[in-house]
Amino acid sequence: MAILVFDTTGAECSVALRVEGQPDIVLSETIGRGHAERLAPMAQDALKQAGIEPRALERIGVTIGPGGFAGTRVGVAFARGLALSSGAKAYGISNLAVIAHALTGTRPLATVHDARRGEVVVQIWRDGPDAAQRLSIADASARVTGLALAGGGAGLVASEGQAVVDNGKLDLVALLDLAGQVGAEQSPPTPFYVRPPDAKLPGGVAP
């Protein structure tokens, strides 16, 4: 099986490729902005290093957020377009799930995303995941008492002495793992936005 995954939801533009019988290829650049310009060349580079064409891909995995609005849209659109052109199946995977998978041995666990404006998105993992919720920092702190914490927002809700086991940087190998496991209910990929965008089109319509 050949699986291509990428993450454009944060400051990094990251691509990883898994081809059976070869070492995983992981490429990542911290760019801040400009994911649309870098993503396709990085994907082409990974395919070239593995010696395969896009039509050899069977699965494409993309992080769907929560994360940056523009970067998330870039990744989801690229995944859908590449799936159409290559014949691969595209899957959307939440950032919170990637963080939790990288910490499979740590349960119970709360993955926490900083949603700004005094809010966080929290998902709690025990035997399986609870539904992700957007909460105030105070409410989230009460909700995650006694749990190990991970994610970019973990420090916002941690009580004194509470374990923060990860800072939220995504593990591309974990994303590859999940892209190889997910079912059809996560396809096609759809962005996981924390809230509607602030920007409006003329007439006050959200894009």
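Some values worked out for this structure:
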| read-out | value |
| --- | --- |
| Residue count for the range 41-69, restricted to those that are assigned to a helix (DSSP H, G or I) and buried (at least 16 other Cβ atoms within 10 Å of the Cβ) | 8 |
| Checking Leu178 against (1) open to solvent by 30 Å² or more (accessible area, probe 1.4 Å); (2) assigned to a helix (DSSP H, G or I), the condition it does not meet | (1) |
| Any hit, the range 152-170, residues being in a strand (DSSP E or B), open to solvent by less than 50 Å² (accessible area, probe 1.4 Å) and at pLDDT 95 or above | no |
| Unmet requirement for Ala77, which otherwise passes all of (1) hydrophobic (A, V, I, L, M, F, W, C); (2) out of contact with any Asp or Glu (no Cβ under 6 Å at 6 or more places or on another chain); (3) open to solvent by 10 Å² or more (accessible area, probe 1.4 Å); (4) touching a residue at least 12 places away in the same chain (Cβ under 8 Å) | (4) |
| The range 3-25: number of residues that are touching an Asp or Glu at 6+ places or on another chain (Cβ under 9 Å) and open to solvent by 30 Å² or more (accessible area, probe 1.4 Å) | 2 |
| Per-region count, the range 81-128, residues closer than 19 Å to Leu176 by Cβ and either open to solvent by 50 Å² or more (accessible area, probe 1.4 Å) or of a type in the set (Gly, Ala, Ser) (or both) | 12 |
| Residue among Ala77, Ala110, Ala40 that alone is out of contact with any strand residue (DSSP E or B) (no Cβ under 6 Å at 6 or more places or on another chain) and under 22 Å from Arg195 (Cα atoms) | Ala77 |
| Condition check for Ser28: assigned to a strand (DSSP E or B) and either open to solvent by 30 Å² or more (accessible area, probe 1.4 Å) or acidic (Asp, Glu) (or both) | yes |
| Strands (runs of 3 or more DSSP E) within the range 75-146 that include 1 or more residues among the aliphatic types (A, V, I, L, M) and closer than 30 Å to Ala2 by Cα | 89-93 |
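The values are calculated or read from the model by the stated rules, or taken from the named source; none is laboratory data. Here the structure is a predicted model, which is why all the values come from computation and not from measurement. Don't worry about glycine lacking a Cβ; one is built from the backbone with ideal geometry, like all the others, and counts go over all protein chains shown. SASA here: full protein model, heavy atoms, side chains in, ligands and nucleic acids out. Shrake-Rupley method; radii C 1.70, N 1.55, O 1.52, S 1.80 Å.
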